[in-house]
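All of the numbers you see were taken from the coordinates with simple rules; none came from a lab. This one's a predicted model, so the numbers in the text were calculated from it and none came from an experiment. FYI the Cβ positions are ideal-geometry reconstructions off the backbone, even for glycines, and counts take in every protein chain you see.
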Amino acid sequence: MIVFSPSDTEPSAPAPSRAENDHPCLRCGACCASSRVAFYWAETSPPTPDGMPQALTTKLDPLRVAMRGTDQAQPRCVALRGGIGVDAHCAEYARRPSPCRELKPAWEDGLPSPQCDRARLRHGLSPLQPSDWLPPPALQPLSSPEYPG
Ligand code: SF4
Ligand code: SF4
């Protein structure tokens, strides 16, 4: 659950392994519409100034809340914008709660992510492969049989 918001940046975050506009999570959003996103109530604002606004959550029990829209049969987080697999992004990226920060897309760090795979399959998207994290091939030099230098 790390759908980027194109307008958000996090100075303290580690440098992405590839260009932000080429990250597999950008446009995907499948995990934001696949399961309940529950977390400790104190991650909300208030009391945490930069936490998720309480109005975007629903109370589960005395200790936990869930992102609105994810606690239903066909989950879709209220903060998710755009179409899944097309132009999805998180409208509250900088305030996203811990489950969203902790879910890693498959193979980003060389490890599988069954949750990511399940979410993508649920929405008709192929699971990510290690090759999705390879840098794009270098541009071919202009000097070639078709374009003699
Ligand atoms: S399902 Fe996987 S690829 Fe898609 S946004 Fe979530 S973590 Fe990223
Ligand atoms: S808060 Fe953002 S990252 Fe988390 S489930 Fe909702 S849309 Fe996805």
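So in the range 59-84, with the set limited to residues that are among the β-branched types (Val, Ile, Thr) and surrounded by 20 or more Cβ atoms within 10 Å (Cβ to Cβ), which one is nearest to the chain's Cα centre (by Cα)? Give the derivation first.
Looking only at the range 59-84, we keep the residues that are among the β-branched types (Val, Ile, Thr), and these are 65, 70, 78, 84.
In the following step, the residues that additionally are surrounded by 20 or more Cβ atoms within 10 Å (Cβ to Cβ) were identified as 65, 70, 84.
Values: 65: 20, 70: 15, 84: 11 Å.
Once the filter is applied, the top-ranked residue is 84.
Which residue, of 117, 87, is in contact with a strand residue (DSSP E or B) (Cβ under 8 Å, 6 or more places away or on another chain) and surrounded by fewer than 20 Cβ atoms within 10 Å (Cβ to Cβ)? Give the derivation first.
Values: 117 fails: in contact with a strand residue (DSSP E or B) (Cβ under 8 Å, 6 or more places away or on another chain).
Just a single option satisfies the conditions, and that option is 87.
Flag: residue 98 matches the condition of being surrounded by fewer than 17 Cβ atoms within 10 Å (Cβ to Cβ) and within 13 Å of ligand 2 (Cβ to nearest atom). When the range 27-63 is limited to residues that are among the β-branched types (Val, Ile, Thr) and touching a residue at least 12 places away in the same chain (Cβ under 8 Å), the one that is nearest to ligand 1 (Cβ to nearest atom) turns out to be 37.
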